[in-house]
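J.: Right, I'll just put the structure down here and ask away after.
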Amino acid sequence: MKAIILAAGQGTRMRSNLQKVLHPILGKPVVQYVVEAAFSAGIEDVTVVIGSDGDDISTELGRVYPQIHFAIQEKPLGTGHAVQAGIGRINDDDDVLILYGDMPLVTGEFICELKQMYTANNSDSVVVAAHQPQFSDFGRVYADANGFFQEIIEYKDMKPDSPVVEWINTGIYTFRGGALKHGLAKMGNNNSQREYYLTDVPKIIRDNGGDVRVLHSRADLTMFTGINTQAQLAEAVGHMRVRINDKHMSNGVRMIDPATVYIDDTVEIDAGVIIYPGVILEGICKIATGAVMGANTHLQNTVVGERAHIRQSVLVDAVVGASTEIGPFAYLRPGACVGEKCKIGCFVEVKNSNIANDSKVSHLAYVGDADVGQKVNIGCGVITVNYDGKNKHRTIIEDHAFVGSNANLVAPVKLGEGSFVAAGSTITKDLPSCALGIARARQEEKLNWVKS
């Protein structure tokens, strides 16, 4: 089976400069979820139909899935016209699945169910209808008592005397390639929008003697949620969040309050991880077993080792080793690599630095562009002064060094193994191993100065 995904919609109701199907839902653009659903159902040949302004779509999808094919609908003349633009790779004996690029909640499991019905009945087409008792602005699908398709009437074309049915058109279809081409060639635009509707094609096939059936799906309507507004996008995010969180919990992840946890679909979490309320995990994160994500922690593209504990902190493009504690209120910026059994405490910022095993930066410090050895203690208020106004410079702190509180390490500078920096010092020269560095003004007392 081959798939055609329609993604050329203008999306004007989104009120956004971003293409509708490129709006993100938990780590992926809307249309990528649709592509992945097709792939997961065993469909390897996928064509995405984009508009003349769809270069961003082809660039984004092509970066992730270079095997995808693209076709261009030059003018927005309706869904049938869009499929016409995408049938270049379709042969008469091909089986074809039609999906919409703005329906990210359709699953591979559902597509497999549709394929099974289509194949079992040797149909020329199957129309997917969803159960919707309440009247809405969806087109209605009409079928006979045996499930054979009769027609689809679009909402805008319904008349007061149109029969009332509880089955709405989802926009998902399967077709035999030759039947699809015949139906597309015969469709017209005699409707209120003066557009070429794909919904006309199943009726054309039926009227030509083809076997057209209806799959009456009682799947939750959220499966068929299309996105045309920012409100619908937010609704889809909510549904996808539940789906992703349920997947992780079924794999052994404990969430204290899953309703408050947002995890991108690109995140990997091992069994045995505990996630507290308010956690956000974005991008390519990997969380190892036994790790704890404390309340209101936010990670992007970060790797967390086994049994590490992150408390109310922000980590971006960082690596945290096993059994390390981060936070509360720490900020690990890109390039921060913290080893095992370390402590990065409250109001500590680490950027583009390597901190080796068993070292501590317990509170109120900035470590930037530095290489810190093992079992180093960096005291409160310490700053690696890495920027001279034009260039960044590195600080090297070797194993077992001790940096006292409120010290400034003016890079480039090196503290030797086992060296000791006295509190309040500003170090501008390399410090030899096991040496004590003191760089501060001598204290003076002026008696009775306050009274004078």
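Every number here is computed from the coordinates shown, using simple stated rules; none is lab data. As the structure is a prediction and not an experimental result, all values here were calculated from the model. Neighbour counts are summed over all protein chains in view; Cβ atoms, including those assigned to glycine, are modelled from backbone coordinates with ideal geometry.
J.: Rounded to the nearest 20 Debye, what is the dipole magnitude of the chain about its Cα centre when Lys and Arg each give +1 and Asp and Glu each give -1 at the C-beta?
T.: Details: 42 positive and 51 negative charges, 325 e Å.
In debye, rounded to 20, the chain gives about 1560.
J.: Can you order the peptides 136-147, 366-377 by their average number of other Cβ atoms within 10 Å per residue, highest first? Each step should come with its number before you reach the end.
T.: Details: 136-147: 14.8, 366-377: 21.0.
Packing proxy ranking, top to bottom: 366-377, 136-147.
J.: Work through the residues other than Ala318 whose Cβ is under 10 Å from its Cβ and net out their charges, Lys, Arg +1 and Asp, Glu -1.
T.: Value of the local net charge: +1.
J.: Positive end of the charge dipole of the stretch 1-109 (Lys, Arg +1 and Asp, Glu -1 on Cβ, about the Cα centre): tell me which of Tyr65, Ala85, Gly101 has its Cα farthest that way.
T.: Gly101
J.: The stretch 230-437: percent of C-alpha pairs farther apart than 33 Å?
T.: Working: 4956 of 21528 pairs.
Percent of Cα pairs beyond 33 Å in the stretch 230-437: 23.
J.: Sticking with this structure for a sec: Give me the extension gain from Asn191 to Phe148: residue separation times 0.36 nm, minus the current Cα-Cα distance, reported in nm with one decimal.
T.: This chain segment gains 13.1 nm when fully extended.
J.: Do me a favour and compute the ellipsoid semi-axes for the stretch 2-224 from its Cα gyration tensor, root of five times each eigenvalue, largest one first, whole Å.
T.: Details: eigenvalues 132, 77, 65 Å².
The three semi-axes for the stretch 2-224 are 26, 20, 18 Å.
J.: From the helices alone, meaning DSSP H stretches of at least four residues, give me the mean residue ellipticity at 222 nm for the chain, per-run term -39500 (n - 2.57), in deg cm²/dmol to the nearest 500. If you can, show how the numbers build up before the last one.
T.: Numbers: 7 runs with 81 residues, N = 452.
Dividing the helical sum by the residues of the chain leaves -5500 deg cm²/dmol.
J.: So for the chain, averaging the separation of alpha carbon pairs under 8 Å that are six or more residues apart and normalising by length, what relative contact order in percent results? List each step's numbers first, then the result.
T.: On the way: 1185 pairs, mean separation 38.1, N = 452.
That works out to 8 percent.
J.: Related question: Work out how much length Asp388 to Cys112 would gain on full extension: take 0.36 nm times their residue separation and subtract the Cα-Cα distance, in nm to one decimal. Walk me through the numbers before you get to the answer.
T.: Working: separation 276, 0.36 × 276 = 99.36 nm, distance 6.11 nm.
Stretched fully, the Asp388-Cys112 segment lengthens by 93.3 nm.
J.: Treating the beta-carbon of each Lys and Arg as +1 and of each Asp and Glu as -1, no other charges, what is the dipole magnitude of the stretch 242-288 about its Cα centre, to the nearest 20 debye?
T.: Numbers: 4 positive and 7 negative charges, 24 e Å.
Rounded to the nearest 20 debye, it is 120 debye.
J.: Just want the answer: with Cβ charges of +1 for Lys and Arg and -1 for Asp and Glu, which residue in Cys285, Cys380, Ile269 is farthest toward the dipole's positive end in the stretch 226-380?
T.: After comparing all options, I get Cys380.
J.: Also, quick follow-up: Quick one: helix 55-64 against the long Cα principal axis of the chain, what's the angle to the nearest 10°, folded into 0 to 90?
T.: 70 degrees
J.: When you count, for each residue, the other Cβ atoms within 10 Å and take the mean per peptide, how do 424-430, 299-305 rank with the highest first? Mind dumping the intermediate values first?
T.: Numbers: 424-430: 16.0, 299-305: 22.6.
Going by the mean number of other Cβ atoms within 10 Å, highest first, we get 299-305, 424-430.
J.: Kirkwood hydrodynamic radius for the chain: how many Å is it when counted over pairs of different Cα atoms? List each step's numbers first, then the result.
T.: On the way: mean 1/r = 0.0387 Å⁻¹.
In the chain this quantity evaluates to 25.8 Å.
J.: Could you tell me how many degrees, from 0 to 90 and to the nearest 10, lie between the Cα long axis of helix 177-186 and the main elongation axis, the longest principal axis, of the Cα atoms of the chain?
T.: 70 degrees
J.: Can you figure out the FRET efficiency of Arg333 with Asp371, using R₀ = 22 Å and their beta-carbon distance, to the nearest 0.05? Let's see the in-between values first.
T.: Details: r = 16 Å, r/R0 = 0.72.
For Arg333 and Asp371, the calculated efficiency is 0.90.
J.: In nm, to one decimal, how far is the modelled label at Asp430 from the one at Ser16, with both set 7 Å along Cα→Cβ?
T.: Reported label-point gap for Asp430 and Ser16 is 5.4 nm.
J.: Same structure, new question: Could you go through the stretch 68-81 in sequence order and give the Karplus-derived ³J(HN,Hα) for each residue, using 6.51 cos²θ - 1.76 cosθ + 1.60 with θ = phi - 60°, rounded to whole Hz, and x for Gly and Pro?
T.: For the stretch 68-81, the Karplus-derived couplings read 5, 9, 10, 10, 10, 9, 5, 10, x, 10, x, 5, x, 5 Hz, x marking Gly and Pro.
J.: Please compute, for the alpha-carbon atoms of the stretch 299-391, the extent along each of the three principal axes and give them in descending order in Å.
T.: Each principal axis gives a Cα extent; for the stretch 299-391 these are 39, 26, 20 Å.
J.: Label point 7 Å out from Ser362 along Cα-to-Cβ: which residues of the stretch 315-343 have amide N under 16 Å?
T.: 325-328, 342-343, by backbone N distance to the label point.
J.: Continuing with this model, one more query. How large is ³J(HN,Hα) for each residue in the stretch 445-450, as worked out from phi by the Karplus curve 6.51 cos²θ - 1.76 cosθ + 1.60 (θ = phi - 60°), to whole Hz, x for Gly and Pro?
T.: With coefficients 6.51, -1.76 and 1.60, one gets 10, 10, 5, 6, 5, 5 Hz.
J.: While we're on this one: Run the numbers for Asp56 and His131: contour at 0.36 nm per residue of separation, minus the present Cα-Cα distance, in nm.
T.: Values: separation 75, 0.36 × 75 = 27.00 nm, distance 3.51 nm.
Working it through step by step, the gained length comes to 23.5 nm.
J.: Right, next: Which angle between 0 and 90 degrees, to the nearest 10, do you get for helix 30-40 versus the longest principal axis of the chain when only C-alpha atoms count?
T.: That works out to roughly 70 degrees.
J.: Rounded to the nearest 20 debye, what is the charge dipole size of the stretch 230-437 about its Cα centre when +1 sits on each Lys and Arg Cβ and -1 on each Asp and Glu Cβ? Walk me through the numbers before you get to the answer.
T.: Values: 18 positive and 21 negative charges, 61 e Å.
Using Cβ point charges on Lys, Arg, Asp and Glu, the stretch 230-437 gives about 300 debye.
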